[in-house]
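Reviewing the structure listed below.
Just so you know, all these numbers are worked out from the coordinates, no wet-lab data involved. Bear in mind the structure is a predicted one, so any value in this text is a computation, not a measurement. Ideal geometry is used to build each Cβ from the backbone, glycine not excepted, and the neighbour counts take in all protein chains shown.
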Amino acid sequence: MTPIRHNQSDADAVLDAARDCVLAVGVRRTTLTDVARRAGVSRMTLYRRWPDVRSLVGDLMTREWIALAVGAMPEQTPGVPTRDRIVSGLVAGVEAFRGHPLFHKILDVDPELLLPYLLDRRGASQDALLGLITGGLEEGHADGSVRRTHTGRQARSLLLVVQSFAMSLRTMTDADDEELTDAAFLGELRTLLERTLAP
């Protein structure tokens, strides 16, 4: 049987429609019928690729989170150590993730959707982020700006740290204390990353 090929722009239109639906009513109240209607495609078109809303939202989260991570990473600049790029990119990524409306909606309305990726298994977006981090670490090892150790373990450890800041930071902040604001914690994250990556 020949696999069904999907036009990328069609897939993006469906993911855009899914994002709009989730932002409007949350994941549990979104249906494939709602998404199909908003995207202007048939339900069968959706069912061929996504058997249910959770799989569709999983692809949506992967697209959104990877775009955030890639967008947060500074361009390589001659003379700037790779470690600086990694640290700045990870801190900016946490800040962008925490400000993303889709993340806020899921966290506020459907937080159980995130639990499997925190407790049981890695998702596609986490694997993609590990790939980005690993590539940066390898560059940092090569230019001597990053402490050499097992690259896979180092990448996974960094992801655990930034993931905890991204997911749980609001449980630790206090808007009435300027030393416990979002900005203060992001500064602390920068220090943690700098010190763990320094040779």
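Rounded to the nearest 20, the Cβ-based charge dipole of the stretch 64-135 about its Cα centre (Lys and Arg +1, Asp and Glu -1) stands at 200 debye.
Pairs of Cα atoms nearer than 8 Å and 6+ residues apart set the relative contact order; for the chain it is 20 percent.
The 3J(HN,Hα) values that the Karplus relation (6.51, -1.76, 1.60; θ = phi - 60°) gives for the stretch 174-179 are, in residue order, 9, 4, 8, 10, 5, 8 Hz. Gly and Pro appear as x.
Averaged over residues, the count of other Cβ atoms within 10 Å places the peptides 137-147, 112-122 in the sequence 137-147, 112-122, highest first.
Mean residue ellipticity at 222 nm, helices only, the chain: -22500 deg cm²/dmol; runs of at least 4 DSSP H residues each add -39,500 (n - 2.57), and the sum is divided by the number of residues. Of the residues Ser157, Ala92, Met73, the one whose Cα sits farthest towards the positive end of the charge dipole of the stretch 58-197 is Ser157 (charges of +1 on Lys and Arg Cβ, -1 on Asp and Glu Cβ, taken about the Cα centre).
Using all pairs of distinct alpha-carbon atoms, the Kirkwood hydrodynamic radius of the chain works out to 18.5 angstrom. Placing +1 on the Cβ of every Lys and Arg and -1 on the Cβ of every Asp and Glu, with no other charges, gives the chain a dipole of roughly 960 debye about its Cα centre. Any idea how far the Cα center of the stretch 89-135 sits from the one of the stretch 155-191, in Å? Cα centroid of the stretch 89-135 versus Cα centroid of the stretch 155-191: 14 Å apart.
Extension gain for Asp176-Leu160 works out to 3.0 nm (0.36 nm per residue, less the C-alpha to C-alpha distance).
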